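Presented below is the structure to which this report refers.
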Amino acid sequence: MLEQRAASFTRRSIKTQSKADGLRLALSMVDLTTLEGADSPEKVRSLCRKAIRPYEGDLDRPVPSVAAVCVYPNLVPVAKEVLDGTGVHVASVATGFPSGQYPLSVRLRDAAQAVEAGADEIDMVINRGAFLAGRDEEVSDEIKEVRSAVHPAHLKIILETGELGNYDAIRRASDMAIEAAASVGPIRDGEVFIKTSTGKIAPAATMPAVLVMLEAIRDHYFATGVRIGMKPAGGIKKAKAALHQLVMVKETLGDDWLNPKLFRFGASSLTNDLLRQLVRMERKRYMAAHDFSEA
Amino acid sequence: MNDANPTASASTASMWEYAPAPERTPLEIDDRYGLFINGEFRSPNSRRWFESLNPATGEVLSKVANANQQDVDDAVSAARQALPSWSRLSGQERAKYLFRIARRIQERARELSVLETMDGGKPIKESRDIDIPLAARHFFYHAGWADKLQWAFAGATPRPVGVCGQIIPWNFPLLMAAWKIAPALACGNTCVLKPAETTSLTALRLAEIFQEAGLPPGVVNIVTGAGKTGQLLAAHEDIDKLAFTGSTEVGKKIAEVAAVGDRRLTLELGGKSPHIIFADAALDQAVEGVVNGIWFNQGHVCCAGSRLLVEESIQDEMIRRLKHRLGSLRVGDPLDKNTDIGAINNPEQLDKIKGYVEAGQAEGAVLHEVTTQSLPKKGLWFRPCFLTGVQPSHVIARDEIFGPVLAMMTFRTPEEAIKRANNSPYGLAAGVWTDKGARIFEMAKRLQAGVIWCNTYNQFDAASPFGGVKESGFGREGGRHGLRAYVRI
């Protein structure tokens, strides 16, 4: 039934104005990401430029900036320098990304340092080793410590759904992450996200996995009135897939979440496909790949 | 730090709405359709025609022949004449026709879906994704049986029953025609089919497909008309088998007039199917099951899960979840690909549904419906809803409403759930939601229903027998069990 429901969102027909609006909305929600060993300051600077102004051409309505640029902690100062004051956030993965297989003290120091270097948002990984071994309290305590350590930066908690094994576990991890973050202190809109994946493991942000997490967010909202954010990451490469996700958010959480404050896409190549579709809608033809700058 | 992303918020719409997405397949509909007798369309002896309307707009789509006694006689005698050669044809040869019909349904699926939606009011996503593919599936499935009948009934030599009279309802017009015709033909019978008055058009397209497939004249005949025509067919002396799908009320009358000679009878009638949700169930999945169970096809479903029995401890939780989910259902133009709930099939049915909801409230039940969306001005519409505070003695808990109306009740123990579920003259389907395996088996054993779905609802397949117990009828359709009604052994 879960998979059936998730598939039903892909059968909504998004055309004309709603497609144009949806593509822009999706673009404004992108966390433009580069997480490679070979990342250089130059590459990060290009990415930041792209984030501020994703498309150089002229369109009837201006193209929005993306939500954030997401990099490794070492490159946070480079990103901060370009993005400061632009409205585009600097996000950084931390806490021993992507595996989380480091001592807690190292992970906490990692996160705190990224914040000191200027990150507005921290994407942490949960300790899947402990979670899968059933040491839930340990996972929960670590999330609490990270949230305290990175405050006032926003926190995105990566569950790495592809490693959790089944939907029940994804739901349990979602609830645990939300509860842990909420126990540290009040959460304003967008201060805490749950996120599917690091992008290093497949499967990543599948529709059913995201739906389970959205349901956890919805139930937390019903119980407390607090809005937790959602970030699917990994595997969303095409504009159409992004629109499917937006449909799912709209019909599961409502219009409040259709906002970069509460919903993000962890992606890189998605950006250019969104632009490609957007330009096609206005110019009635597809542009070549080289008409768009690297993302 | 920057809390807002001004560029983004300035350039994106605060509310993201789905633009209209109407299905635009061009469709030709003739001004009038005759009866399909002996392989050709002909004007009725009655010289009478009636209008077939689009319930979503009130527009007249076409005029359809109203068959009288003479017409029914002609159709039955055409079927009688076609019987010897058709029944002597080898199973392999009959299968070829069925395969051809199935493929032609697939090839014309788009057109059939649009017509089904225009004529009956159901959302295009349902006719496109369920009705039409499943109709094709029934022909494919029974094509497979045609040359294997002796293995379907071990040790017996199955022979055809003869001429079959088949009367079908308006909720799944083409699909019901396929349910009836495909097994009959596979087993070597010939048919006279009577579609429902409000939804004859896709059955008549199916007749065109029979012509395209080269089906020998007289093997399937289609007589259109109102209840009177159905009665004439049911009472016809030269029918060997009668199959009826429709309401229990009409079914009882049919059973009376059909009591002539050596006549086989199967009835697939109404229901008030219980949908039982235990506290340990996966509630979000159960909500989907409930939605699918009662709001599928505007609730015009004989096996609709129209009585929701919820364990008392999760009642509030379920009400909240159902309300939330109800809010995401889109009611309106059935041809829009994003529509979840289409038009009510006919004005009488709409009045009946309205009457029941009023009666329910008068008896003290509380109505919950989606009030945010405005309904189209023209056409027949009813907001999907559910009622709480329902007692088992209330009329809305006992009668088949055949609309998007759910009656919610509670129970405390499995024993009470079973008692409440079985406290109904009907016994078509039942649903059980629990994560406890042992409980599923116990419930399935004790529920009085022809079909029981566990942790799912409204799943259909040609290979799976479907039918009721108690006043929901007798006989099965689909699967090996469904073949039994169409053979003598």
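A few notes on this one:
- Consider the range B:392-440 and keep the residues that are without any contact (Cβ under 8 Å) to a residue 40 or more places away in the chain and part of a loop (DSSP other than H, G, I, E, B). The one that is nearest to B:GLN459 (Cα to Cα) is B:ASN423.
- Residue match in the range B:411-422 (condition: at pLDDT 95 or above and either within 14 Å of chain A (Cβ to nearest Cβ) or under 24 Å from the mean Cα position of the chain (by Cα) (or both)): yes
- Total residues in the range B:196-231, condition part of a helix (DSSP H, G or I), surrounded by 21 or more Cβ atoms within 10 Å (Cβ to Cβ) and of a type in the set (Gly, Ala, Ser): 3
- Test for A:GLU138: is it surrounded by fewer than 20 Cβ atoms within 10 Å (Cβ to Cβ), closer than 18 Å to A:LEU104 by Cβ and in contact with a helix residue (DSSP H, G or I) (Cβ under 7 Å, 6 or more places away or on another chain): yes
- Considering residues of the range B:343-377 that are aliphatic (A, V, I, L, M) and farther than 18 Å from B:GLU400 by Cα only, the residue modelled with the lowest pLDDT: B:VAL370
- Looking across the range B:458-489, the residues that are closer than 22 Å to B:LEU447 by Cα and among the aromatic types (Phe, Trp, Tyr) come down to B:PHE460, B:PHE466, B:PHE474.
- Filter pass, B:ILE124 being in contact with a strand residue (DSSP E or B) (Cβ under 8 Å, 6 or more places away or on another chain) and in contact (Cβ under 8 Å) with a residue 24 or more places away in the chain: yes
- Filter result (touching a strand residue (DSSP E or B) at 6+ places or on another chain (Cβ under 8 Å) and either at the interface with another protein chain (Cβ under 9 Å from one of its Cβ atoms) or in a loop (DSSP other than H, G, I, E, B) (or both)) within the range B:275-303: B:PHE278, B:ALA279, B:ALA281, B:ALA282, B:GLN285, B:ALA286, B:GLY289, B:TRP295, B:CYS302, B:CYS303
- Test result for A:VAL71, buried (at least 22 other Cβ atoms within 10 Å of the Cβ), within 18 Å of the chain's Cα centre (by Cα) and either in contact (Cβ under 8 Å) with a residue 40 or more places away in the chain or closer than 30 Å to B:ALA19 by Cα (or both): no
- Of the residues examined, A:GLY85 is not one that is touching a residue at least 40 places away in the same chain (Cβ under 8 Å) and farther than 26 Å from A:LEU159 by Cα.
- Checking each residue of the range A:276-292 against the condition of being part of a helix (DSSP H, G or I), closer than 21 Å to B:VAL287 by Cβ and among the acidic types (Asp, Glu) gives no match.
- If you go through the range B:258-281 and pick out every residue that is among the small types (Gly, Ala, Ser) and modelled with pLDDT of 95 or more, you end up with 5.
- Residues of the range A:182-195 satisfying the condition of being closer than 30 Å to A:GLY37 by Cβ and without any contact (Cβ under 8 Å) to a residue 40 or more places away in the chain: A:ILE194
- Any hit, the range B:49-71, residues being of a type outside the set (Val, Ile, Thr), modelled with pLDDT of 95 or more, part of a helix (DSSP H, G or I) and surrounded by fewer than 24 Cβ atoms within 10 Å (Cβ to Cβ): yes
- Filter result for B:ILE239 (within 14 Å of chain A (Cβ to nearest Cβ), among the β-branched types (Val, Ile, Thr) and more than 26 Å from B:VAL114 (Cβ to Cβ)): no
- Selection count, the range B:318-357, where residues are part of a helix (DSSP H, G or I) and more than 14 Å from chain A (Cβ to nearest Cβ): 11
- Selection of first residues in the range A:6-26 that are in contact (Cβ under 8 Å) with a residue 40 or more places away in the chain and of second residues that are of a type in the set (D, E, K, R) and in a helix (DSSP H, G or I), restricted to Cβ pairs under 7 Å at least 6 apart or on distinct chains, gives the following pairs, ordered by first then second residue: A:PHE9/A:GLU251.
- Residue within the range A:229-242 that is in contact with a Cys (Cβ under 8 Å, 6 or more places away or on another chain), buried (at least 20 other Cβ atoms within 10 Å of the Cβ) and more than 10 Å from chain B (Cβ to nearest Cβ) present: no
- Exactly one residue out of B:GLU369, B:GLU317, B:GLU416, B:GLU311 is over 19 Å from B:LYS122 (Cα atoms) and crowded, with 19+ Cβ neighbours inside 10 Å, and it is B:GLU311.
- Per the conditions (1) within 18 Å of the chain's Cα centre (by Cα); (2) more than 26 Å from B:GLY58 (Cα to Cα); (3) part of a helix (DSSP H, G or I), the sole criterion not satisfied by B:PHE244 is (3).
- Options B:GLY403, B:GLY389; residue that is of a type in the set (Gly, Ala, Ser), surrounded by 17 or more Cβ atoms within 10 Å (Cβ to Cβ) and either in the same structural domain as B:GLY342 (by TED's automatic domain parsing) or closer than 29 Å to B:GLY355 by Cα (or both): B:GLY403
- Residue in the range A:118-137 that is on the phi > 0 side of the Ramachandran plot and in contact with a strand residue (DSSP E or B) (Cβ under 9 Å, 6 or more places away or on another chain) present: yes
- Filter result (among the aliphatic types (A, V, I, L, M), buried (at least 20 other Cβ atoms within 10 Å of the Cβ) and out of contact with any Lys or Arg (no Cβ under 7 Å at 6 or more places or on another chain)) within the range B:232-249: B:LEU232, B:ALA234
Yes or no, residue by residue, for (1) crowded, with 22+ Cβ neighbours inside 10 Å; (2) modelled with pLDDT of 95 or more; (3) more than 14 Å from every other protein chain (Cβ to nearest Cβ); (4) touching a helix residue (DSSP H, G or I) at 6+ places or on another chain (Cβ under 7 Å):
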residue: B:GLU107; (1), (2), (3), (4): no, yes, yes, no
residue: B:LYS125; (1), (2), (3), (4): yes, yes, no, no
residue: B:ILE130; (1), (2), (3), (4): no, yes, no, no
residue: B:ALA135; (1), (2), (3), (4): yes, yes, yes, yes
residue: B:HIS138; (1), (2), (3), (4): yes, yes, yes, yes
residue: B:ALA146; (1), (2), (3), (4): yes, yes, yes, yes
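- Within the range A:10-43, the set of residues being within 14 Å of chain B (Cβ to nearest Cβ), outside any loop (DSSP other than H, G, I, E, B) and not small (Gly, Ala, Ser) comprises A:THR16, A:GLN17, A:LYS19, A:ASP21, A:LEU23, A:ARG24, A:LEU25, A:LEU27, A:VAL30, A:ASP31, A:LEU32.
- Being in contact with a strand residue (DSSP E or B) (Cβ under 6 Å, 6 or more places away or on another chain) and within 14 Å of another protein chain (Cβ to nearest Cβ) holds for only one residue in A:ALA111, A:ALA51, A:ALA94, and it is A:ALA51.
- The set of residues from the range A:44-60 being in contact with a Ser or Thr (Cβ under 9 Å, 6 or more places away or on another chain) and either surrounded by fewer than 19 Cβ atoms within 10 Å (Cβ to Cβ) or not in a loop (DSSP other than H, G, I, E, B) (or both) comprises A:VAL44, A:SER46, A:LEU47, A:CYS48, A:ARG49, A:LYS50, A:ALA51, A:ILE52, A:ARG53, A:GLU56.
The values are calculated or read from the model by the stated rules, or taken from the named source; none is laboratory data. The model shown is predicted, which means the values in this text are computed figures rather than measured ones. Neighbour counts are summed over all protein chains in view; Cβ atoms, including those assigned to glycine, are modelled from backbone coordinates with ideal geometry.
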